[in-house]
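All of the numbers you see were taken from the coordinates with simple rules; none came from a lab. These numbers come from a predicted model, not from an experiment. Every residue, glycine as well, gets a Cβ built from its backbone with ideal geometry; the counts of neighbours run over all protein chains shown.
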Amino acid sequence: MNDPGSDAQDVELGLVKEGTRSSLMGESKQGLEEKMNNDFRGELLKRHQSISKILTDLVSDEGKGKKGKKIKLTFEDVRVQIGGQELLKGIRGEARPGQVLSIMGPSGSGKTTLLNSLAGRQKLSGGRIFLNDHRQIKAMKRYIAYVLQDEVFFGVMTVQQVMYFTAMIRLPDTMSEKEKMERADAVMELLEIKKCAHSIVGTPFQRGISGGERKRLNVGVQLITWPSLILLDEPTSGLDSSTSYDLILTLRELARQGCTIVTTIHQPSSAVFQLFDKLLVLAEGQTFYSGDADKVVGHFESLGYRCPANYNPGDFVLELAKSKVALKNIFGGSKAISSPGPSSMNTMEVITEGKSEASGSVPSRAAAAAADRKSSLSPPSKGDASWEDAFPSSWWTQFKALFHRAWLVKQSQSLDNLQMIQVACLTVVVSLVWFQMDAKEDSIQDRFGLVFFTVIFWTFFPMFQAVATFPPERAVLLRERAQGAYRLSAYYLAKMLAETPLNIINPSAFVIVTYWMTDLHDSVGTFFLYWLLLLINVEFASSTGMLVSASQTSPKKALVTVSTLVLTSMLLGGFYVNPDNIPIWLRWVRWLSFVTYSFGSMVTQVFDGGLRFSCGAESQYDACETRDYISGTDVLDNRGITDIPVVYALVLFFSTVIVKFATYVVLFYRYKPKTPL
């Protein structure tokens, strides 16, 4: 039987042991948490030091960065009205070099509209925007980067190819190609996208990098030029909290090197919020708060709105900006919100941390000028070569990079492989259908049919292929032109040359096989001229397709335009209707048909080359009344074709030149950025 005292002693001893064990476990847990926190802080510090080192190395590249070209952005009474609705109601503020200005607010508060206005991409209804105390000027645009919320890239290119291309065209020729590549590698390392350098960006049909990596790539192509002023539209959307923190930390370190950073952000984490220097909060198109980011909580506490302990300041401000009661109390009534006047402007000054701080935060024009002089922010002058409106790279450098990109994109298009298969199949079919035509009268129509089919097929094929040239690239071209990345002439010529090989290879393979397999003519000289005329026709058709592509942004409209043009030219080309049988008042229209020139020159080249055809039993040719054969000239006379191949070929050639020039002009105006930035 057990002793009760012994049992109590055992229980007490067990409790002591359990308490000791619990104490040890508590100490162990506390130590583990402390170790994890230390590891996290150490990793964070290491990341911070890595970012600082990369940025310092970039800045220390003498003559390759834009160090010293500082830009202060000031905006006063900015108003935007669209369709009778006022989206921005007298917004004012400034962003200085060395600072990160965050623009926050609920959805629909006007954040993106304000950023577009600051970038010059949105027409103002009122107000003024200044760069270094001067109105926005074209000379500064190459020192300003605008990171759009939507990523626009060629999805078939890899991350490294995108970055290298950007480095080649947007960095000056004073840097060697190796140095440009090193700059691109450094930026990829900075944004932690080097691990996916050889992965494609991605298309709707090909899986590529993640959304977060695309977002960082979007920032990277702008950082590569080391801009003086960076505007970003919600750069952290779609990113996890850790990646968002790294990105904003990079931007803050970039600001510490002399850049001016302005970013919109929807809902930052508390860690990200602490990285902001200045804060501009919008609510219903008005300024809800403007001032230091670390004073926003204290400011609203002074107005009676206390932020709960351990609560994210960013969430607190957003909830407050969405509160109808808070808006009514702060703005002084809903009427002031909807139609701001002098009273609402006074209210705005009050909420920017007091009148004295508001006037310092949003200086007058004279005060801004004084601040510029004190901070040594010099505006550009006509004699300042560092600010002059010149492309950073030469035309030849731009052309090489653009051609390389266009060629990469062209090679990756699987549709081109299918088209080559299509051409191969049709080549075989045509060779079999018209196989080894004899020299009898009934083969005359067969030869006409073969030449006409060749002309029409090699009109439709390149034209419909070219009509899809520019619309898929419209967004990229507009963005890059807005950035002043390259000359349009370099882009256009590179694009034309990249499209040329298939315009030569495919029709050449077709004509080489079909010409000899069908026994169209036995003359080698006629073959080469026939081949040359076909290539001119293909180039004209392709150029016409590119012109329609440049002028029409809607694929449906482009297809309708091309179809109407080709079908009309077919009817007037001289195959379906003898030109002499066309009503006299309509005959002049046939000279507007390019098929008239291509078909006329090619068929004349075939029949006016010594061909003879034996007369049929009931021949329709007058020549058979006096002899037993029909010459090629007899055939052309019977058809009313009195064309001179050389003249027609020259007309088609110069028409091609005119169409190509017209395409450039259309591109210049239709794809012209609406803004200076």
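Odds and ends about this structure:
- Amide H contacts of L232: V147, V262, T263, T264, each under 5 Å away and 5 or more positions distant or on a separate chain (H built 1.01 Å from N in the peptide plane; Pro and chain starts excluded).
- A cut-off of 5 Å between modelled amide H atoms, ignoring neighbours fewer than 5 places along the same chain, links K278 with V100, L101, S102, A293.
- Given +1 at the Cβ of Lys and Arg, -1 at the Cβ of Asp and Glu and no other charges, the dipole of region 185-254 around its Cα centre is 220 debye to the nearest 20.
- Dipole of region 113-203 computed with +1 at Lys/Arg Cβ and -1 at Asp/Glu Cβ about the Cα centre; of M188, F130, V156, farthest Cα towards the positive end is F130.
- Short-range pairs are left out: with C-alpha atoms under 8 Å and at least six residues apart, the relative contact order of region 395-670 is 26 percent.
- The peptide list 281-290, 170-179, 455-464, put in order of mean Cβ contacts within 10 Å with the highest first, becomes 281-290, 455-464, 170-179.
- In this structure, the pairs whose alpha-carbon distance is over 31 Å, taken from K70/K328; K557/K660; K72/K178; K278/K328; K278/K324, are K70/K328; K72/K178.
- When the Cα atoms of region 504-613 are aligned to their principal axes, the ranges along those axes come out at 47, 39, 17 Å in descending order.
- Unit charges on C-beta of K, R, D, E only; dipole of region 127-266, Debye: 380
- Order by protection proxy (mean Cβ within 10 Å, highest first), peptides 153-164, 657-668, 239-250: 153-164, 239-250, 657-668
- Most to least packed among 590-597, 256-263 [average Cβ atoms within 10 Å]: 256-263, 590-597
- From the largest down, region 395-670 spans 75, 42, 31 angstrom on the principal axes of its Cα atoms.
- Mean projected area in nm² (Cα convex hull; one quarter of hull surface) for region 78-176: 9.4
- Dipole-positive endmost among T427, A475, Y621 within region 395-670 (Cβ charges, Cα centre): A475
- Positive end of the dipole of region 197-284 (Cβ unit charges, origin at the Cα centre): among F273, G220, L231, the Cα lying farthest that way belongs to G220.
- Net charge dipole, region 395-670: roughly 1980 debye, given to the nearest 20, about the Cα centre with Cβ charges of +1 for Lys and Arg and -1 for Asp and Glu.
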